[in-house]
Structures are given as C-alpha cells and as structure tokens.
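Q: Before I ask anything, here is the structure I am working with.
The values are calculated or read from the model by the stated rules, or taken from the named source; none is laboratory data. Note that the structure is predicted; figures quoted are calculated from it, not measured. Cβ atoms come from the backbone with ideal geometry, glycine included; neighbour counts cover every protein chain shown.
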Amino acid sequence: MDKKELNIILKESEGYKIEFKVGISNLGKELVAFANSSGGRIFLGVSDSGEIKGIKSTNELKSRIQDIANNCKPKIKISVEDFKNVLIINVREGEDKPYECSSGFYKRIGPNSQKMTRNEIIDVFKSEGKIRFDELTEPKFSCPDDLDENRFQRFLQLAEISKTDDTEKLLINLGVAERQEGRLYFNNAGILFFAREPQRFIRWSVFTVALFKDNAGADIIDRKEIEGSLFEIVEEVMKFVRLYSKVAYRFTGSPRRENVYEYPFEAIREAVINSVMHKYYFEHGHNNILRFLPDRIRIENYWQ
C-alpha cells in the first residue's frame, strides 16, 4: 500500500470489499461479514466519508484487534498493515464458513455488513457441507410401518450381511437409524433405500428418463418418472437404456452370435449411480434426468 493507492481508495469510498472505520467498535461484525463473503479490507482511522481521522497504532491496539478476530467462531485469519496514521486490516475469504461474532452472523451486501437471516445461515451450512441431507432424521417416518422389509432383506443379501442381529440393531449399525427418547428415528439415507414409499417423504427423489426423436430434445417419443428406492431407480433407468439401445451382432466363429450395444452399459450404470448418490437433495422440485438422444445419452444431475 502506498499513498497514491490509499488516496484512490479513499476517493472511491466504501464498497463490497472496502470498509472505513474511525475506531474498533463493532469490528467483529465487519470481520465476519468479509470472511463470510469474498474477503476485504478494513481501514481504521478513516470516517465513512473517506476522511482520514487518524488512529494511534500501538501494540495494545493490534493485540485487541487480533483478540476480536480470535473470538469469532471460527477464528478469522487477518493481517494488519500499518500505514502512517491508518491501520489496514486484511481479511481473507473464510475457508470454514459461516463465521459468527458476539452479535451474530453477517455478510457483505454492497458497502454494508448485513445480518444474515436464519435461512441464509442454514443455506451456508448446507453449501459448506456442514449439514448433510442423508444424516437428517425424518420424524414422520414410523418404523416398522413405513419400513419395507423386503427391500431391507434384499440389501442385506447384496451386501452379504448375515441377519444375526435384530432389524433395529442392524439399521443402527448401518447408520440409517438412531434411537432417541425411546423411539427409532430414520434418517433420509434410510428412507431413500428402505422406505415402502420413499417419495412420500422425499418427493423430489424421482428420476426422469426420456427418449427423444431429435438431438435438440424437442420431440419426445417416450418419457417415464421413475420412483422407488435408490436401488430400484437405478435398475429401472438401466431397463429404459437397454430397451432403446441399438444392438449389432458380431460373429466370432462360435455357434452363438455376440450382441454389441451402442453404449457401454456398465459405464452408464456407474454414471446413474453417481447421479442419485450425489444429487443435491436439499433443493426441492428438481429431478435427475437421463436424456436419450439419437447421438448420445446425457445425464443431468441437479447440483447446488
């Protein structure tokens, strides 16, 4: 920072990444706002109008500034630059959002630090992966009434798990249920795999498949909305792919001919599995889609 750059900033006034403050009152609010946004710089000793009022730079003041940053949750990494009678606090965009000070959560909106709403805070937790959809419990799910025992038994067979324990213990050990206050609660992962009617609880866990006549995707020949457990959804999607895949025949000298399909089914199956496993289930109203076009197959997964 040199005098010329400082003068340019002072003339441009406050902005999304620039904050002027005469002193350190409410400094925590500005720190968390920048950390929860894209980072920025706080100029201490400068009025809102950009006039340099000056501030005495002492070790005690710098220590207080660092304490304020450390008392935020989580701690905020800062650096302090001493430029004559102005202190410049550099705040990087946080790597562990959301950040909170004693008065709450804030973010930058234009030149202002605005308190975040409850939904905004929750959205940040979701986007940062601190709230996992599959681990959230569903109080409306009742076990054993809503548990599909056949789906559960099929899973145990596929996973080669012997049913030596009772069902409840197995469900808890698999991480799809937990006992709280004398009741067994299922989480969303358990519902997607083992519920009788998964879509009754998670309506947007439907997978759409569509066959198109043209590459533009304007003329639909066939379309299905596939429901069921995640296992069943994958199988039904693959049935649709096999149904409409072109097949050629290859003769290798043996009595039986060899079928050669236009698409590698195992690779498509893996892509479908990835699609349902990594879908952003927090967002309602968005189905995963497999588009079967004349020249390609396209799988669309809704991400956050």
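Q: Based on this model, can you work out whether E300 counts as among the acidic types (D, E), closer than 30 Å to F152 by Cβ and either surrounded by fewer than 16 Cβ atoms within 10 Å (Cβ to Cβ) or not assigned by TED's automatic domain parsing to the domain that holds D145 (or both)?
A: No, not satisfied.
Q: Checking Y185 against (1) in contact (Cβ under 8 Å) with a residue 24 or more places away in the chain; (2) within 24 Å of S275 (Cα to Cα); (3) of a type outside the set (S, T, N, Q); (4) in contact with an Asp or Glu (Cβ under 6 Å, 6 or more places away or on another chain), which single condition isn't satisfied?
A: (2)
Q: Taking segment 122-157, which residues are farther than 30 Å from K107 by Cβ, touching a residue at least 12 places away in the same chain (Cβ under 8 Å) and in a helix (DSSP H, G or I)?
A: Listed by number, the residues that qualify are E149, R151, F152, R154, F155, L156.
Q: I need a count of the residues in segment 123-159 that are hydrophobic (A, V, I, L, M, F, W, C), more than 19 Å from K169 (Cα to Cα) and crowded, with 16+ Cβ neighbours inside 10 Å.
A: Residues flagged as hydrophobic (A, V, I, L, M, F, W, C), more than 19 Å from K169 (Cα to Cα) and crowded, with 16+ Cβ neighbours inside 10 Å within segment 123-159 amount to 2.
Yes/no per residue for (1) in contact with a strand residue (DSSP E or B) (Cβ under 7 Å, 6 or more places away or on another chain); (2) free of Cβ contacts under 8 Å to residues at least 40 places away in the same chain; (3) loosely packed, with under 14 Cβ neighbours inside 10 Å; (4) not assigned by TED's automatic domain parsing to the domain that holds N90:
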| position | (1), (2), (3), (4) |
| --- | --- |
| S13 | no, no, yes, no |
| S25 | no, yes, yes, no |
| V32 | yes, no, no, no |
| I42 | yes, no, no, no |
| E60 | no, yes, yes, no |
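Q: Give me a count of the residues in segment 169-191 that are closer than 14 Å to S142 by Cα, out of contact with any strand residue (DSSP E or B) (no Cβ under 6 Å at 6 or more places or on another chain) and surrounded by fewer than 17 Cβ atoms within 10 Å (Cβ to Cβ).
A: Going through segment 169-191 one residue at a time, the tally reaches 4.
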